[in-house]
Amino acid sequence: MMEDWANLALDTAVARGATYADVRVIDLRQRELSTKNGQVGTLVESESLGLGVRVVANGAWGFASTDRLTKQGIEKCAAEAVAIARASALAKLHDVVLAPEQTYVDTWQSPFVRDPFRIPVDRQIGLLLEADAEMRKVAGVTIAETGMVFRRLEQWFASTSGSRIHQLKMQSGAGIVASSFAEDELQKRSYPNSFGGQHALRGYELVEELDLVGNARRVAEEAVALHTAPQCPEGVRTILLDSSQMGLQIHESIGHPIELDRVLGMEANFAGTSFLTLEKLNKLRYASDHVTVVADARLEHGPGLGTFGYDDEGVPAQSTDIIRDGRFKGYLTNRETAASVGEKRSNGTMRAESWNRLPIIRMTNISLLPGSWKLDDLIADTDDGIYMETNRSWSIDDRRYHFQFGTEIGWEIKGGKKTRMLKNPSYSGITTEFWNSCDAICSRDYWTLWGTPNCGKGQPMQTMGTGHGASPARFRNVRVGIAFSR
Amino acid sequence: MAPRKATKRTAKKAAARKPARKSAPKAAVRAAGAASAARYVVPRAEFERIVERILKFSRAEETEVAVDATTDALTRFANNTIHQNVAEQGISVSVRAVVDGRTARASTNKTDDESLARVARAAEDLARLQPPSKNLLPMLGRQKYEPVRRFYPATGAATPQDRARAVKRVVDLAAGREQIAAGIFSTGVSQTSLATSSGLFACHEQTRAEFSVTFLDGDSSGWAKANFGDISLIDPDALAESASRKARESRQPTEIPAGRYTVILEPPAVLDLVGFLFYDFAATAVDDKRSCFTGRIGKKIFGENITIWDDVYNPLQAGPPFDGEGVPRQKVLLVDRGVPKNLVYARGTAKRLKAKPTGHGLSLPNEWGEAPLNLVFAGGKTSTEEMIASTEKGILVTRFWYIREVDPYQKILTGMTRDGTFLVENGKVTGAVKNFRFNQSMIEMLASVEALGPAVRAAGEESFEMVVPAMKVRNFHFSEVTKF
């Protein structure tokens with residue numbers, strides 16, 4: 001039936017004058033659960049089925065979507081996409097040109113062991129309430145919060161080029177947070193990460209592996225202990241970042257600036273542009289020699305939120321060098337932007353939030369390849385530094401030069417030893433200066449492919465999951481503490 | 001941008017589920033073309049049919065049905081051409097069931113009988129699988145609502161051609177001045193209804209039109225944005241003219257040192273900062289001790305010139321006159337001449353804290369309680385020009401960007417200036433400056449406001465639309481400078 005709907009939309013679009021069209025039919029199912037202080041908060045299941053048609057007519061783009069999946073509803077939607085494209089042509093400078101791509105007839109599914117939708121809800125709630133209770137056993141905890149989210153997304157893609165691609169993605173996520181308010185100060189600790197914890201293209205086995213209950217007491221104790229910890233000092237210091245904070249550092253200061261739509265000005269009104277202008281490709285020393293970053297959507301990279309078989313314009317998942325030994329080597333492209341800069345082919349990064357959104361360039365898994373250090377050795381090698389864990393605040397300018405991050409907790413390193421806890425750690429810098437100050441990266445043993453589930457981009461806004469593999473790393477001469485400077 | 005807290009995905013609607021910071025209005029809008037003359041996305045009779053069917057299928061002790069229908073269209077331009085142009089229509093049917101003191105929600109966008117029966121059953125099944133809820137109250141029966149006018153047929157009737165023609169004028173203006181324009185023009189219609197097995201039936205329709213434009217001029221940029229229910233209040237040409245002028249005047253910015261400056265914040269800049277306060281006014285947030293007003297209610301923490309209401313009935317506001325449970329929204333005085341006075345309460349929160357509900361509850365079940373979604377600040381009489389003229393040395397800020405909370409209790413926010421940051425010296429704008437990062441406590445800022453402009457409906461990118469004035473603020477903390 002899904003294929004019939006897609007074919008009907010394509011046929012209608014062509015009959016109305018489209019020179020190219022593609023259709024995505026998406027069936028989305030989601031479950032969200034949360035608790036707060038021993039009570040169930042959110043308990044929601046939702047489903048959404050719909051279809052989006054993207055067309056080129058009169059040399060310009062149009063897109064329409066609908067959940068009225070009748071013959072009349074689909075024909076109207078496809079006709080509307082063509083009418084919109086014709087309106088786009090009223091303010092057109094040149095015709096849309098797409099880089100060539102083969103056609104594919106294929107099916108792809110993300111592997112998972114345990115279907116989270118087959119796990120009884122009461123069991124899932126029971127686990128969350130157990131972790132919630134464990135956090136509240138620690139005196140001083142004022143809010144204990146837990147949550148799980150599961151998404152099952154089945155998609156049929158069809159294009160007038162002849163591609164017919166079926167994909168099924170299962171996504172799971174879970175995490176806990178302990179907050180403590182005392183004496184005009186609110187501190188918190190999250191596990192295994194902020195942003196709702198860890199998220200991956202996996203089944204319920206991810207949740208079971210996280211051991212939320214086993215980590216609940218530790219994060220609660222740390223949240224309370226932060227009140228009596230000294231303030232992170234202000235100054236220029238050596239810092240070590242844990243792998244989750246590295247993930248967000250990569251996301252903000254590498255992942256976004258390499259989006260070619262930003263570079264070409266297409267996001268200028270909202271998300272912004274990028275300092276990585278075209279002449280910098282293959283020339284800019286983005287980072288130190290230690291740093292190699294790839295954009296890898298293939299399953300062999302891991303089950304990240306940026307992993308898939310094909311992107312949303314039918315281009316197969318690929319691995320692209322972004323930074324190789326510190327040198328800037330590549331952008332994230334789609335078929336249109338690849339053609340506009342003379343690339344032979346898109347590197348496959350087009351994704352849409354759901355059936356009612358237009359695919360746009362999105363990060364896949366933007367990952368820092370591991371180095372060779374053991375974390376203990378790296379700390380032992382650091383005479384005077386601060387180790388920062390778990391993101392708490394994040395901000396960067398609209399060209400992606402200047403950033404500032406805060407983390408939930410810090411640890412002073414003195415004479416090669418992790419010593420006292422520090423509260424309110426923060427650091428700031430200029431992207432290329434910061435990455436060029438990286439002098440050590442931990443090994444594969446410390447590498448995690450983090451899922452960032454809430455990346456916002458586009459107008460209308462789309463929220464997308466991205467993946468970021470990273471291990472802890474060290475940076476020299478970084479400004480710290482400015483966020484709390486008076 | 002990047003990871004965002006749940007945001008203004010439908011300023012009101014998303015927040016109805018969870019206090020979101022903002023996301024693009026998920027809106028409702030009418031896709032263009034032949035069907036654009038129709039008044040609503042879904043006829044009232046269809047809403048009633050869906051509600052009737054769900055109530056018939058449900059075997060729960062109590063049942064609540066929320067139906068939302070939207071059409072939305074957005075024309076997007078960059079590099080002086082339309083590069084994306086989209087339309088969507090959709091419906092959501094959401095069912096909350098109460099079984100033996102337990103409640104849960106399930107939703108679908110399928111409206112055939114089989115799907116409606118299935119979603120009703122799913123809500124019941126989910127409810128049965130959880131522990132009893134402590135503060136669950138019986139669902140509301142019939143209510144009376146004060147009417148609000150939020151539906152403008154001309155907005156609903158806007159076509160892709162209408163939007164494209166306006167965009168064409170704007171990009172032609174840019175090309176003629178050797179500038180580059182980027183932006184959006186969107187229009188939409190949304191309908192929402194809420195019914196319960198106890199007899200409540202509430203309906204609301206509204207339209208939305210938004211135009212936002214950025215002009216790029218070499219290494220500089222300028223920006224302007226407007227958002228109204230009535231499309232006739234949107235003037236794309238005037239907004240483009242303003243963005244163009246700011247871009248031109250921002251050329252060749254000089255770098256001046258970071259530090260504390262007097263700032264003149266235009267309304268979008270004010271909005272995107274003070275918008276971060278909205279959830280702090282929730283009684284649940286104060287009770288949880290995560291509000292910056294914890295322990296500060298009744299104390300004078302802001303200046304005498306700061307008064308804030310939540311008022312859905314203000315003509316510059318949007319949204320329905322009822323909350324997520326169907327309680328009529330009340331106008332609430334939140335801050336009175338610098339003193340936080342009142343909070344907003346959902347029904348359950350009010351019962352727990354022995355207060356009265358104010359009509360600000362979010363859809364159940366949720367852990368957030370309530371939130372004021374229609375903030376209105378008292379304005380003043382000082383024009384932006386007068387603020388500039390009275391400033392010996394300061395910074396004029398068009399807008400802020402990528403604002404995030406650094407400290408929730410001192411309410412320290414960080415972010416960047418963007419698209420038009422100017423130096424004011426001896427009462428005049430003397431040139432553009434490179435963009436700053438700020439780290440600024442909102443409590444300190446609202447205690448340091450020297451002058452207020454008239455309150456207007458402001459549109460930004462970090463908070464949903466509110467009614468706020470321009471402000472002149474002393475000792476605003478710019479902590480670092482970026483490269484442009």
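The values are calculated or read from the model by the stated rules, or taken from the named source; none is laboratory data. Worth saying up front: this structure is predicted, and the values here are computed from it rather than measured. Positions of Cβ are backbone-derived with ideal geometry, glycine not excepted, and every protein chain shown enters the neighbour counts. In case anyone asks, the SASA skips ligands and DNA or RNA and just uses the protein heavy atoms, side chains included. Shrake-Rupley method; radii C 1.70, N 1.55, O 1.52, S 1.80 Å.
Assorted remarks:
- Whole-number D in µm² s⁻¹ for chain B, Kirkwood Cα-pair radius fed into Stokes-Einstein, 25 °C, 0.890 mPa s: 104
- Computed lengthening from B:Lys356 to B:Asn135, 0.36 nm per intervening residue step minus Cα-Cα distance: 78.1 nm
- Measuring r between the beta carbons of B:Asp336 and B:Lys381 and using R0 = 22 Å, the FRET efficiency lands at 0.65.
- The stretch B:368-412-the stretch B:300-335 distance, computed between alpha-carbon centres (Å): 17
- In this structure, the residue pairs whose Cα-Cα separation is over 25 Å, taken from A:Lys188/B:Lys472; B:Lys331/B:Lys381; B:Lys134/B:Lys341; A:Lys76/B:Lys56, are A:Lys188/B:Lys472; B:Lys134/B:Lys341; A:Lys76/B:Lys56.
- Here the contact order of the stretch A:2-228, divided by its residue count and restricted to Cα pairs under 8 Å and six or more residues apart, works out to 22 percent.
- Using bins of 5 Å that start at zero, the share of Cα-Cα pairs per bin across the stretch B:253-484 amounts to 1, 7, 14, 19, 19, 16, 10, 7, 4, 2, 1, 0, in whole %.
- Sequence-distant residues sharing a close amide H with B:Val456 (under 5 Å, placed H): B:Val468
- Of B:Gln84, B:Trp401, B:Gln252, farthest towards positive along the dipole that unit charges on Lys, Arg, Asp, Glu beta carbons give chain B: B:Trp401
- The Cα center of the stretch A:154-196 and the Cα center of the stretch B:180-195 differ in position by 26 Å.
- Relative contact order for chain B, counting Cα pairs under 8 Å that sit 6 or more residues apart, in percent: 16
- Projected area averaged over orientations for the stretch A:2-228, convex hull of C-alpha atoms, nm²: 16.8
- Chain A: angle of helix A:121-136 to the longest principal axis, Cα-based, in degrees nearest 10: 30
- Under the convention that each Lys and Arg Cβ holds +1 and each Asp and Glu Cβ holds -1, the size of the dipole of the stretch B:253-484 around its Cα centre is about 560 debye.
- Summary: within chain B, the longest segment free of GluC sites (Glu not before Pro) located in DSSP loops with at most 13 other C-beta atoms within 10 Å is B:1-177.
- When its C-alpha radius of gyration is set against 2.2 N^0.38 Å (N residues), the protein assembly as shown gives a value of 0.88.
- Excluding ligands, DNA and RNA and using a 1.4 Å probe, chains B and A jointly bury around 8300 Å² of accessible surface, summed across both partners.
- The protein assembly as shown: calculated mean residue ellipticity at 222 nm from DSSP helix runs of at least 4, using -39500 (n - 2.57): -6000 deg cm²/dmol
- Links that overshoot a 25 Å alpha carbon limit, given the list B:Lys289/B:Lys351; A:Lys457/B:Lys428; A:Lys92/A:Lys457: A:Lys457/B:Lys428
- Calculated FRET value between B:Glu249 and A:Arg68, using beta carbons and R₀ = 35 Å, to 0.05: 0.10
- Volume per residue for chain A equals 144 cubic angstrom (convex hull of Cα atoms).
- Cα-based radius of gyration of the stretch B:22-246 once divided by 2.2 N^0.38 Å, which approximates compact folds: 1.27
- Modelled FRET efficiency - R0 30 Å, A:Leu281 with A:Gln231, Cβ distances, 0.05 increments: 0.10
- Seen from all directions on average, the stretch B:134-255 presents a Cα convex hull projection of 12.7 nm².
- Listing of the stretch B:254-297 residues, each with accessible area lower by at least 50 Å² in the full protein assembly than in the chain alone (probe 1.4 Å): B:Asp288, B:Lys289, B:Arg290
- All lysines inside 23 Å of A:Lys283 as judged from Cα atoms, apart from same-chain residues fewer than 8 positions distant: A:Lys329, A:Lys344, B:Lys483
- Where the Cα pairs of the stretch A:341-420 fall when distances are cut into 5 Å bins, in %: 3, 10, 10, 12, 17, 15, 10, 8, 7, 6, 2, 0
- Residues listed by number, the stretch A:60-76, amide nitrogen under 20 Å from B:Asp112 label point at 7 Å toward C-beta: A:66-76
- The Cα center of the stretch B:114-134 and the Cα center of the stretch A:115-129 differ in position by 15 Å.
- Mean Cα-pair separation over length for chain A, i.e. relative contact order, pairs under 8 Å, 6 or more apart, %: 16
- Over the stretch A:235-484, the Kirkwood radius and the radius of gyration, each from Cα atoms, give a ratio Rg/Rh of 0.97.
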